[in-house]
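This report refers to the structure that appears directly beneath it.
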Amino acid sequence: MLKAGVLGAGHLGKIHLKLLQQSTKYELVGFYDASKEASEKIVDEFGYKSFPTMESLIDASEMVVVVTPTSKHFECAEMVIKAGKHVFIEKPITQTVAEAEQIRDLAKKQKVRGQVGQVERFNPAFIAIKDKISNPMFIETHRLSEFNPRGTDVSVVLDLMIHDIDAILSIVKSPVKAVSASGVSVISETPDIANARIEFENGCVANLTASRISLKKMRKARFFQRDAYISVDFLEKKCEVVKMKNAPSEIDDFAMILTNAEGIKKQIYFENPKIENNNAILDELESFYEAIKADKTPEVSLQQGAEALRVAMLIIENFKKI
């Protein structure tokens with residue numbers, strides 16, 4: 001078991017504390033939070049050990065989860081890595097791309113592993129279909145949420161859209177060629193609703209929409225590729241694959257057949273891949289454990305976290321051009 005500590009004990013920090021305590025791969029040593037009052041309340045309610053300083057928590061740990069406000073990610077991660085400890089950083093990796101690259105390079109220099117908390121990569125619906133997405137040429141995502149003051153310290157792009165940016169970058173094996181976007185601030189000082197278009201060098205286009213002022217929640221993605229349409233509902237944990245193949249010479253009476261303008265007949269096939277229920281946050285933490293033990297690149301590496309942030313910042317920069 002690896003000794004694990006948590007920096008930051010807010011809403012998400014408490015979830016990490018609970019899951020690390022449940023895990024058979026980690027030994028939870030405790031947490032540090034800057035708020036003495038909040039720390040005492042958590043100790044009284046859950047019995048976790050509270051450390052008086054960040055340094056003391058890091059010293060007692062082999063792996064540290066950084067769940068502080070984004071503005072503190074760089075400072076905390078840098079301290080963890082310089083101490084020679086492995087680090088798991090909740091998304092977004094840092095506030096700036098320069099900070100993300102520094103963290104990535106420092107981890108390599110110190111020979112420690114780092115992972116970014118992009119939980120949708122471990123969503124069972126996404127896991128069930130990602131291998132079926134081979135060469136998407138058009139992608140559409142919608143990530144809508146009801147308003148919650150928590151998270152509004154950053155743009156909706158870094159709060160919500162970055163989940164879809166990361167998922168798309170993990171699938172489209174081509175460099176980003178161009179980005180265009182628009183965003184509107186309704187309640188917050190930063191945009192609450194945004195739309196972005198990402199063009200890749202291989203011709204793939206992704207259209208992303210994110211909002212944190214919607215009346216209902218939605219987290220859906222659709223992938224279109226040659227002879228196939230693939231959908232995933234991250235919220236409901238459902239997915240569907242619709243494939244088209246050349247129709248056989250003998251057609252079943254119940255088969256769904258389409259005929260294109262050239263007279264070529266295609267048969268439609270529906271697939272509903274089996275979805276294995278899981279706890280995505282626990283899985284990402286334990287996946288990181290396996291990467292550390294095997295000394296291999298984590299599922300969501302610091303480099304991937306930096307690249308997702310780079311694309312997110314390109315989108316945010318586009319807002320300023322409007």
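Could you list all residues from the range 151-177 that are at pLDDT below 95 and in a loop (DSSP other than H, G, I, E, B)?
151, 152, 153, 154, 155, 173 - these are the residues of the range 151-177 that are at pLDDT below 95 and in a loop (DSSP other than H, G, I, E, B).
Take the range 199-218 and flag every residue that is among the hydroxyl-bearing types (Ser, Thr, Tyr) and modelled with pLDDT of 95 or more.
As a first pass, look at the range 199-218 and keep what is among the hydroxyl-bearing types (Ser, Thr, Tyr): 209, 211, 214.
Scanning the range 199-218 gives 209, 211.
Quick check on my filter: what residues within the range 121-144 are open to solvent by 70 Å² or more (accessible area, probe 1.4 Å) and under 16 Å from the mean Cα position of the chain (by Cα)?
If the condition is that a residue be open to solvent by 70 Å² or more (accessible area, probe 1.4 Å) and under 16 Å from the mean Cα position of the chain (by Cα), then 127 is the only one that fits.
Of the numbered conditions (1) more than 24 Å from residue 12 (Cα to Cα); (2) part of a loop (DSSP other than H, G, I, E, B), residue 148 satisfies every one except a single condition; which is it?
(1)
Which of the residues belonging to the range 286-322 are open to solvent by less than 20 Å² (accessible area, probe 1.4 Å) and outside any helix (DSSP H, G or I)?
298, 300, 301
Starting from the range 225-237, keep only residues that are over 20 Å from residue 278 (Cβ atoms), then list their pairs with residues that are open to solvent by 60 Å² or more (accessible area, probe 1.4 Å) and part of a loop (DSSP other than H, G, I, E, B) whose Cβ atoms are within a distance under 8 Å, requiring at least 6 positions of separation or different chains.
225/134; 225/135; 225/137; 226/135; 226/137
State whether one or more residues within the range 204-214 are in contact (Cβ under 8 Å) with a residue 12 or more places away in the chain and more than 26 Å from residue 179 (Cβ to Cβ). Can you show your working first?
Residues of the range 204-214 in contact (Cβ under 8 Å) with a residue 12 or more places away in the chain: 204-214.
Pick out the ones that are also more than 26 Å from residue 179 (Cβ to Cβ) and you get none.
The answer is no, given that none of the residues of the range 204-214 is in contact (Cβ under 8 Å) with a residue 12 or more places away in the chain and more than 26 Å from residue 179 (Cβ to Cβ).
Scan the range 219-259 for residues that are assigned to a loop (DSSP other than H, G, I, E, B), at pLDDT 75 or above and open to solvent by less than 90 Å² (accessible area, probe 1.4 Å) and jot them down. Full working, then the answer.
The first filter runs over the range 219-259 and keeps only residues assigned to a loop (DSSP other than H, G, I, E, B), leaving 226-227, 234-237, 247-255.
Next, from what is left, pick out any that are at pLDDT 75 or above: 226-227, 234-237.
Scanning the range 219-259 gives 227, 234, 235, 237.
Can you name the condition, by its number, that residue 199 falls short on among (1) open to solvent by 40 Å² or more (accessible area, probe 1.4 Å); (2) among the acidic types (Asp, Glu); (3) in contact (Cβ under 8 Å) with a residue 24 or more places away in the chain?
(3)
The values are calculated or read from the model by the stated rules, or taken from the named source; none is laboratory data. Since we're looking at a predicted model, the values are computed, not measured. Don't worry about glycine lacking a Cβ; one is built from the backbone with ideal geometry, like all the others, and counts go over all protein chains shown. To get the accessible areas, we keep the full protein, side chains included, count just its heavy atoms, and leave off ligands, DNA and RNA. Shrake-Rupley method; radii C 1.70, N 1.55, O 1.52, S 1.80 Å.
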